[in-house]
Amino acid sequence: MKEIEKTQIKLLSDRLDLIRHKMANISLTEEAEKYAEFEKEKAALETEIVHLKEVRNKKLSKEAQKLVGMPFKRIITKKEQADIGKLKKAVRGLIIVHPMTALGREMGLDGMTGFSKTDF
């Protein structure tokens with residue numbers, strides 16, 4: 001779901017950039033109507049982009065709330081990180097969040113952290 005919003009934001013940003021370039025090339029005195037039309041479309045695109053970014057952040061927040069609500073969480077040690085597959089097999093339902101991902105930055109994680117319903 002997050003990817004859908006991400007691609008829509010990218011497409012709208014590209015259209016907005018194109019409109020800005022067109023507006024720069026139009027002389028205001030000769031083609032005022034066309035300029036006003038571009039200005040209206042530019043405003044609509046900007047509001048839509050803001051809306052999509054809010055939707056995307058809300059979805060991230062829901063996922064972060066779900067993880068924070070899990071009973072067990074701890075930072076994954078370097079030794080465990082070396083054999084992460086073994087750890088995931090040992091702990092069913094383990095979700096690992098890296099601090100450099102969008103979710104990790106949102107949650108303010110310091111290190112690679114594991115979230116689980118069971119103790120690990």
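The values are calculated or read from the model by the stated rules, or taken from the named source; none is laboratory data. From a predicted model like this one, the values you see are computed outputs, not experimental measurements. Note: ideal-geometry Cβ built from the backbone for every residue, glycine included; neighbour counts use all protein chains shown. Quick note on the areas: whole protein, heavy atoms, side chains included, nothing else; ligands and nucleic acids left out. Shrake-Rupley method; radii C 1.70, N 1.55, O 1.52, S 1.80 Å.
Could you tell me whether Ala24 is of a type in the set (Gly, Ala, Ser), open to solvent by 50 Å² or more (accessible area, probe 1.4 Å), at pLDDT below 90 and in a helix (DSSP H, G or I)? Considered against the rule, which asks whether it is of a type in the set (Gly, Ala, Ser), open to solvent by 50 Å² or more (accessible area, probe 1.4 Å), at pLDDT below 90 and in a helix (DSSP H, G or I), Ala24 comes out as yes. Apart from one condition, Pro99 fits all of (1) modelled with pLDDT of 90 or more; (2) under 30 Å from Phe120 (Cβ atoms); (3) surrounded by 12 or more Cβ atoms within 10 Å (Cβ to Cβ); (4) out of contact with any Leu (no Cβ under 7 Å at 6 or more places or on another chain); the exception is (4). The number of residues in region 75-120 that are within 19 Å of Glu3 (Cβ to Cβ) and either assigned to a loop (DSSP other than H, G, I, E, B) or in contact (Cβ under 8 Å) with a residue 24 or more places away in the chain (or both) comes to 8. Restricting region 27-59 to residues that are of a type in the set (Ser, Thr, Tyr) and assigned to a helix (DSSP H, G or I), the residue that is nearest to the chain's Cα centre (by Cα) is Thr47. Number of residues in region 1-21 that are under 30 Å from Lys62 (Cα atoms), of a type outside the set (A, V, I, L, M, F, W, C), open to solvent by 90 Å² or more (accessible area, probe 1.4 Å) and modelled with pLDDT of 85 or more equals 2.
Residues that are within 30 Å of Glu5 (Cα to Cα) and in contact with a strand residue (DSSP E or B) (Cβ under 6 Å, 6 or more places away or on another chain) were ranked within region 57-74; the one that is surrounded by the most Cβ atoms within 10 Å (Cβ to Cβ) is Leu67.
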